[in-house]
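A quick write-up on the structure given underneath.
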Amino acid sequence: MAGGDAEIARRMAARDPSALAELYDRYGSLAYGVALRVLGDPGRAEDTVQDAFLKLWYAARGFDPARGSLRTWLIAAVRNRAIDQLRGRSLHERRELALRPEVETAAAGPEEEAVAAQERMAVRAALAELPEEQREAVQLAYFGGFTQAEIAEMAGVPLSTVKGRMRLALEKLATYLKGRGLVDG
Amino acid sequence: MADQYDELGMLALSVRPVAPPPELRDRILAASSEPQKFVLVPRRRLPVSLVAAAVVLIAVAAFFLGQSLRGGPAGPSTFALTGHGTLAGASAKVTDLTSDKVAVVEFNGLPAPAAGKVYELWLITPGGQAAPAGVFTPDSNGHVVVVVDRSLEGYSVMAVTIEDGPSGTSAPTQQPEMTGSIA
């Protein structure tokens, strides 16, 4: 997977349009899923995915494999753009969106790889094993774009408590996933 | 993966992929063939004055956005690049719009590169790894504004080399003649 990503990045840097198409075919469904998860709005999710793919297209020369996979870069771009789109919404709506339960939807299609499904179920299992306050903290931060200070204010706890919850949550998630060989050690 | 672009990024893996509308693919591919709205080489795309105005607008917007979101002054950081060797006398101002993950580099006093050559901008990690950040050529006054469409986080130095045009290289072929700390 990583070798394929590096090759796609190289071809995108050389302005090969087929590389962008290949990237989209490989990760378009995940990108759209993430945008939809953050925004809950198909129209805005489409715009977000388009912006993110074009950002990578124009910035492909800056891709650094040492800093992560092309998938990681793409999904970070989708998530960050989606969070930008959330800014005008109320705190209540953002909180509800970020904390809504994951629901299995219609299959993405035959292109979804078994390993991706395995990753998804493992991350969900890892999240499910976290204490509720830790799970909420990381979900609010990632899917809602809330700062630690905002999370502390909403929860009515000191900032240091939120920092501790997030650190513990990330450590547990990483340990859980590393133990299953799903993230780099 | 967990400690790279975003430590929280592993949460994205909990999201089930959803097939987007079929027309989105065509829309993205069509848009990719259009001229880039945010250009790296303004001389060939937009008047420098227009790019400079955009830079000012972005900086002002980022400043006030930072204030409104964080309740305090959180304007962009600035750094300086200094030329030496054949680039002695050239300089650049780097404006890091951290919250937007974009940096703007305004060069002055750059000599025209030799025929077939371009300037290439690099972001260098504390470990010495150089990542390409764009190629450019200055206008007849030695001026150019380059937009780096990525975060500077994790890099300690910005540098410039002269490489083969028009696309530059994936790794520097010479010691930089313009550098500056961005950490």
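The values are calculated or read from the model by the stated rules, or taken from the named source; none is laboratory data. Fair warning: this is a prediction, and the values are worked out from it, not measured in the lab. Cβ: placed from backbone, ideal geometry, glycine included. Neighbour counts: every protein chain shown.
Name the helices (runs of 4 or more DSSP H) wholly inside region B:17-125 in which the number of residues that are exposed (fewer than 15 other Cβ atoms within 10 Å of the Cβ) and modelled with pLDDT of 90 or more is 2 or more.
Result: B:22-32.
For the structure I just gave you, tell me whether residue A:6 is within 8 Å of chain B (Cβ to nearest Cβ), surrounded by fewer than 19 Cβ atoms within 10 Å (Cβ to Cβ) and part of a helix (DSSP H, G or I).
no
Look through region A:16-54, keep the residues that are of a type in the set (D, E, K, R) and facing chain B (nearest Cβ under 9 Å), and return whichever of them is farthest from residue A:143 (Cα to Cα).
The extreme case among them is A:25.
Just to be sure, is residue A:170 more than 10 Å from every other protein chain (Cβ to nearest Cβ) and at pLDDT 90 or above?
No: the conditions fail for residue A:170.
All but one of (1) out of contact with any helix residue (DSSP H, G or I) (no Cβ under 9 Å at 6 or more places or on another chain); (2) at pLDDT 90 or above; (3) within 12 Å of another protein chain (Cβ to nearest Cβ) hold for residue A:103; which doesn't?
(2)
Inside region B:131-171, can you point out the residues that are assigned to a loop (DSSP other than H, G, I, E, B) and under 11 Å from residue B:119 (Cα atoms)?
Scanning region B:131-171 gives B:137, B:138, B:165, B:166, B:167, B:168, B:169.
Condition check ((1) among the basic types (Lys, Arg); (2) crowded, with 16+ Cβ neighbours inside 10 Å; (3) modelled with pLDDT of 90 or more) across all residues:
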| site | (1), (2), (3) |
| --- | --- |
| A:93 | no, no, no |
| A:128 | no, no, no |
| A:134 | no, yes, yes |
| A:143 | no, yes, yes |
| A:159 | no, no, yes |
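Tally the residues that are polar (S, T, N, Q), free of Cβ contacts under 8 Å to residues at least 40 places away in the same chain and at the interface with another protein chain (Cβ under 10 Å from one of its Cβ atoms), restricting the search to region A:66-95.
Qualifying residue count for the region: 2.
Against the condition in contact (Cβ under 8 Å) with a residue 12 or more places away in the chain and under 16 Å from residue B:83 (Cβ atoms), how does residue B:180 come out, does it pass?
yes
Give region A:57-75 a look and list any residue that's at pLDDT 90 or above and surrounded by fewer than 23 Cβ atoms within 10 Å (Cβ to Cβ), or say none.
The answer is none; no residue qualifies.
Step by step: first the residues of region A:12-54, then only those that are under 15 Å from residue B:32 (Cα atoms) and touching a Ser or Thr at 6+ places or on another chain (Cβ under 7 Å), then the one that is surrounded by the fewest Cβ atoms within 10 Å (Cβ to Cβ). Which residue is that?
A:17
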